[in-house]
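Everything on this sheet refers to the single structure shown next.
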Amino acid sequence: MMSNLFSSFDPSTSTNLSLNWLSTWVGILVIPLSFWLIPSRYNVIWNKILTTLHNEFKILLGTPKMNGSTVIFVSLFSLILFNNFLGLFPYIFTSTSHLSLTLSLALPLWVSFMIYGWINNTIHMLAHLVPQGTPPVLMPFMVCIETVSNIIRPGTLAVRLAANMIAGHLLMTLLGNTGSSLSILMINLLIIVQLALLILESAVSIIQSYVFAVLTTLYSSEVN
């Protein structure tokens, strides 16, 4: 029984833990960070990168009716880039080096593009099967070639990303395993080579995430 009416407002009335004070900070989580936290240099650089990608993808899409579609491809770029860089740290699983993830990203996007294109722009999709200026004799062969090249697109996207990720990691692992049997001079040389490979893999991580996002954007622009 409460001895005082105002005791219901005490922090530890209901439980032994003063969880009531948690409501003081929960409101801050609702407010966007830009209103109460000064962006760091990393945030400013990352926002500039995303803005540049947004403008480039908007040009590649080329259709004003698809406003906001660049968010999908910018998010795809960010996801792949984050996983690529995370895999460069020791003892962290590189998820983008496996087809189970890369194919899960490429296949649903390609299928959705195809379904949208064939339902809404059937004539346009049929016109893509025969390039302009093709001789009538070669048209059946061009239809077969274009169909096969269109079907293998998600596979090429997935294999390209996974192969580039696993190749550099495998090379670094093989070189690192030979360190125990080398002399001091060779170990110093091995460290220099490993650092050079690490810089190369960092560049490959950026390039492959960019290539994956750009090719996906180009595939989506073809169905409109």
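The values are calculated or read from the model by the stated rules, or taken from the named source; none is laboratory data. Predicted model only: the values in this text are computed from it and were never measured. Counting neighbours? That spans all protein chains shown, and the Cβs are built from the backbone with ideal geometry, glycine included.
For the criterion of being in contact (Cβ under 8 Å) with a residue 60 or more places away in the chain, within 17 Å of Leu215 (Cβ to Cβ) and among the β-branched types (Val, Ile, Thr), Val159 passes.
Counting only residues that are of a type outside the set (Val, Ile, Thr) and exposed (fewer than 14 other Cβ atoms within 10 Å of the Cβ), which one in the stretch 142-155 is farthest from Asn224 (Cα to Cα)? Going through the qualifying residues, I end up with Cys144.
Taken over the stretch 167-203, the criterion of being over 21 Å from the mean Cα position of the chain (by Cα) and touching a residue at least 24 places away in the same chain (Cβ under 8 Å) is satisfied by Leu171, Met172, Leu197. Val74 meets the conditions (1) of a type in the set (A, V, I, L, M, F, W, C); (2) over 30 Å from Val211 (Cα atoms); (3) at pLDDT 85 or above in every case but one. The failed one is (2).
In the set Asn164, Asn188, Asn121, only one residue is over 24 Å from Asn84 (Cβ atoms) and at pLDDT 85 or above; that residue is Asn188.
Going by the conditions given, is Ile206 assigned to a helix (DSSP H, G or I), among the β-branched types (Val, Ile, Thr), surrounded by 12 or more Cβ atoms within 10 Å (Cβ to Cβ) and under 22 Å from the mean Cα position of the chain (by Cα)? Yes, satisfied.
Residues in the stretch 215-224: is at least one out of contact with any strand residue (DSSP E or B) (no Cβ under 6 Å at 6 or more places or on another chain), charged (D, E, K, R) and part of a helix (DSSP H, G or I)? No: the stretch 215-224 contains no residue that is out of contact with any strand residue (DSSP E or B) (no Cβ under 6 Å at 6 or more places or on another chain), charged (D, E, K, R) and part of a helix (DSSP H, G or I). Ala158 meets each of the listed conditions (1) out of contact with any Ser or Thr (no Cβ under 6 Å at 6 or more places or on another chain); (2) buried (at least 16 other Cβ atoms within 10 Å of the Cβ); (3) of a type outside the set (Ser, Thr, Tyr); (4) modelled with pLDDT of 85 or more apart from (1). If you go through the stretch 65-124 and keep only what is within 29 Å of Leu197 (Cβ to Cβ), touching a Leu at 6+ places or on another chain (Cβ under 7 Å) and hydroxyl-bearing (Ser, Thr, Tyr), you end up with Ser95, Thr96, Thr102.
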